[in-house]
Amino acid sequence: MALNLFLTNHIGSNKFPVIITVSFFIVLLYVAFTYHNYWTEYDGIYFLGVGKEILAGNGDNILSPDAPIGGPVLHAVLSLVFGDAFVVGKLISLFSGAGIVFFSYYVIKNIFGPRVALLGQLFIAFNPILQLQSIQALNELFPVFLIVASLYFITKKNLKLSDIIIAGALLGGAFMVRYQALAVIIAMIIFLLIRNRRIRLNSFHVMVIIAFFLIMCSPVLVYNYTTHGVILDSNPNFYLIQLQKYQTDEWRAEMEKEIDSSLDSSTNNPGIRIKSILLDFDLFLKNYFYNLSYHNPNKLFYFSSLDNLSILPAISFLGVIPVFGGLVYCLKIKLGRNNIITILTTSLITTSVIFLTGDITVHYFMIILIPLLALGILNIRNIEKNFLPLLVLPVVYFLIISTVPLYSARQLLPILIVVMVLSAIFFVNAIPKLLSHLSSANSAKIITIVLVSVVLLTNIGFSYKLFEYNLYDPLPDSEGMYIPGAGAHKGVIGELFSVFQETEPRHQFGKELKEIADILSKQPDIENSYVMARNLSYAYYADSKHIHTDFMVGMKNDTINQFVTKENWSPYDIYYSNISSYPVDKNNLYESTADYLIYQPPPTHFGDTTWYVKPVTYPDLQFLLDPENPNIPSNFELLYKSDSTRTVLYKIHH
């Protein structure tokens, strides 16, 4: 009833937000079902498998290290009802992306009015990362949609109890799918406590939002406790051990030991896992401030990572200006005595601390960020009260999320609206005010329109290249090979010209993968056979089982048969493979052995993310690329070989 009233009152009087939303949906619907025809998103297929295993009653043998089971179960149920899990996954992402675009207008309008709201909505609709996520069958956008919807209620000028209840329930629903919602609910709690001096009322509202958050996410909490004996059945150590930049052999050994011990129910609790993260506190701090100062902001503003949410995603550092410019405008900062002292003091202290204990090449962003944060606190009374939730959100989000290095910019989508609303304020209010001192009002408007057009066109161009990179096989390298990751970014100008220069036909990424899977699907008893590969998509299309490997395990002198039987894999390597395979096998009940092996040389790089590469030597499997090599065992039968991608498929006769 409330939703119907909302739509009736707003859609008729605000046509442009609806037009933008519908256009976003139609364009990406066309892209999703015309150019994205092969399911290659590992996480999407993996979480679908987790959901299927839970529905089959095998939940006690399941571990989902970095996400709750709500999303996997939702996708599994809908795929059972509608049939095609790939189509279902893409439609969930499409509707969620369109919902984010739609609600973003009304969140911003709650605070700044229709002009800023419309431009902010345009910036969000044109964001390349959001567009890409909206066509992919992943477990990402639905919780972001719920978070953005909750922000609509929490940013109302006249905040009512019903708004707080709905916001808490929406965040509880988001938490059932992704843990990032926990940072958002903490930010909302802080906002409710500091918004005014009515301590008793604020405390009551905090209890209400927490209560409805817990009520909404209680099915997941109860399931975890009754199935696994813990409220949160996740283990961030899997994430840290692969992505943490600074590691020592001793720290890694202890982390692997903790992960191995997690099979013991007596040690399977979050307290011990947190303790293991702090095994080396100095190392933890070094990683934390690297994540907070450089790695995670890099995903937001683009210092060196093309995987970013910047409003100017193709030009490094420039996206910082609209965000910070809009923030300064909102805070109404004047060069008074207190502000000048704050800037000088915080800048001097921050710079001194960095030179004494940090690394200026890593922590330089703090020299800008900390003084601006101090100015924000000092001038917080100058902002609109209902803008406070959006300002508290990124601060709390970054402080919490920086305990880990983010592997993708999509993990920052819950705060995308903050970046875009500040940028919209910069272009709608700040720039015309600055230009009014230099030119006429009409000239200021023309310049502003030109600048906004440049931003939107830059995003369109970046989206084109981003979609091309993710949906099509790479261009051949100097040796004529199509190796994922072999290509290099040509720079903004180079990439722009390449749009007009490339004439070679491009194959959709996943086409060869599907061809290999079709070969597998014709093998006898394939549904009960295990395919050892890096990519889970083979097993999805072949309807087989999957053994995950990154081909960086085992011992140097192992034979290939010792490798595929996991004879010399460490307990951690076996455990990690088991929980990354299909079906997931946390308790090592199946003792799986590969019946088929798919090998391709590893990519030359892993994009912008630093993945930990073990210092140990691992089996040199390059000889598999040559079917005539004498090192290939007699029980290996070649079923497929690609000269371009250097992918080989072997059947293993036991």
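The values are calculated or read from the model by the stated rules, or taken from the named source; none is laboratory data. All values reported here derive from a predicted model rather than from experimental measurement. Don't worry about glycine lacking a Cβ; one is built from the backbone with ideal geometry, like all the others, and counts go over all protein chains shown. We work out accessible area using only protein heavy atoms, side chains counted, and drop any ligands, DNA or RNA first. Shrake-Rupley method; radii C 1.70, N 1.55, O 1.52, S 1.80 Å.
Okay, here's what the table says:
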item	result
Residue count for the range 13-62, restricted to those that are touching a strand residue (DSSP E or B) at 6+ places or on another chain (Cβ under 8 Å), part of a helix (DSSP H, G or I) and among the aromatic types (Phe, Trp, Tyr)	1
Counted residues, the range 167-208 - those being in contact with a Gly (Cβ under 8 Å, 6 or more places away or on another chain) and not in a helix (DSSP H, G or I)	3
Selected residue [open to solvent by 40 Å² or more (accessible area, probe 1.4 Å), within 20 Å of Ser402 (Cβ to Cβ), of a type outside the set (Gly, Ala, Ser) and in contact with a helix residue (DSSP H, G or I) (Cβ under 7 Å, 6 or more places away or on another chain)] from Phe324, Phe301, Phe289	Phe289
Contacts under 8 angstrom Cβ, first residue in the range 231-244 being of a type in the set (Asp, Glu) and buried (at least 19 other Cβ atoms within 10 Å of the Cβ), partner at pLDDT 80 or above and not in a helix (DSSP H, G or I), 6 or more apart	Asp233/Leu63; Asp233/Ser64; Asp233/Ile69
Scan of the range 109-166 for residues that are out of contact with any Leu (no Cβ under 8 Å at 6 or more places or on another chain), open to solvent by less than 10 Å² (accessible area, probe 1.4 Å), farther than 19 Å from Asn308 by Cβ and part of a helix (DSSP H, G or I), ordered by number	Val116, Ala117, Gln121, Pro143, Val148, Ile154, Asp163
Failed item in (1) part of a loop (DSSP other than H, G, I, E, B); (2) modelled with pLDDT of 90 or more; (3) touching a Phe, Trp or Tyr at 6+ places or on another chain (Cβ under 6 Å), with Ser634 passing the rest	(3)
Residue match in the range 437-444 (condition: in contact with a Pro (Cβ under 6 Å, 6 or more places away or on another chain) and crowded, with 18+ Cβ neighbours inside 10 Å)	yes
Residues (of a type in the set (Gly, Ala, Ser) and either in contact with a Ser or Thr (Cβ under 6 Å, 6 or more places away or on another chain) or not in a helix (DSSP H, G or I) (or both)) located in the range 96-108	Gly97, Ala98
Residue check for Lys286: in a helix (DSSP H, G or I) and either at pLDDT 95 or above or of a type in the set (Lys, Arg) (or both)	yes
Conditions (1) modelled with pLDDT under 95; (2) open to solvent by less than 10 Å² (accessible area, probe 1.4 Å): number failed by Phe82	(2)
Positions within the range 370-379 being without any contact (Cβ under 8 Å) to a residue 40 or more places away in the chain, open to solvent by less than 70 Å² (accessible area, probe 1.4 Å) and not small (Gly, Ala, Ser), in sequence order	Ile370, Pro371
Single match in Ser93, Ser64, Ser104 (criterion: at pLDDT below 95 and of a type in the set (Gly, Ala, Ser))	Ser64
First in the range 15-44 and open to solvent by 70 Å² or more (accessible area, probe 1.4 Å), second anywhere and hydrophobic (A, V, I, L, M, F, W, C) and at pLDDT 95 or above, Cβ under 7 Å, 6 or more apart	Phe16/Leu118
Search result, residues across the range 327-352 that are open to solvent by less than 70 Å² (accessible area, probe 1.4 Å) and in a loop (DSSP other than H, G, I, E, B)	Ile333, Gly336
Scan of the range 210-222 for residues that are open to solvent by less than 50 Å² (accessible area, probe 1.4 Å) and either hydrophobic (A, V, I, L, M, F, W, C) or touching a residue at least 60 places away in the same chain (Cβ under 8 Å) (or both), ordered by number	Ala211, Phe213, Cys217, Val220, Leu221
Selection from the range 401-441 of residues that are small (Gly, Ala, Ser) and modelled with pLDDT under 90	Ser436, Ser439, Ser440, Ala441
Matching residues in the range 528-545 - criterion: being open to solvent by 30 Å² or more (accessible area, probe 1.4 Å) and outside any helix (DSSP H, G or I)	Arg534, Asn535, Asp543, Lys545
Hits in the range 508-527 - residues which are free of Cβ contacts under 8 Å to residues at least 40 places away in the same chain and crowded, with 16+ Cβ neighbours inside 10 Å	Ala517, Ile526
Residue list for the range 254-279, filter: open to solvent by 60 Å² or more (accessible area, probe 1.4 Å) and modelled with pLDDT of 65 or more	Glu254, Lys257, Leu278, Leu279
Filtered residues of the range 546-604 (kept if among the charged types (D, E, K, R) and either part of a helix (DSSP H, G or I) or surrounded by fewer than 16 Cβ atoms within 10 Å (Cβ to Cβ) (or both))	Lys556, Glu567, Asp573, Glu591
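Residues checked against (1) under 23 Å from the mean Cα position of the chain (by Cα); (2) at pLDDT below 90:
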site: Ala533; (1), (2): no, no
site: Leu536; (1), (2): yes, no
site: Tyr541; (1), (2): no, no
site: Lys545; (1), (2): no, no
site: Ser577; (1), (2): yes, no
site: Tyr582; (1), (2): yes, no
site: Glu591; (1), (2): no, yes
site: Val616; (1), (2): no, yes
site: Leu621; (1), (2): no, yes
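Each row is one residue, and each column tells you yes or no for (1) without any contact (Cβ under 8 Å) to a residue 60 or more places away in the chain; (2) of a type in the set (Val, Ile, Thr); (3) open to solvent by 20 Å² or more (accessible area, probe 1.4 Å); (4) under 19 Å from Gln136 (Cα atoms).
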position	(1), (2), (3), (4)
Val419	no, yes, no, no
Phe427	no, no, no, no
Ala430	no, no, no, no
Leu434	yes, no, yes, no
Thr458	no, yes, yes, no
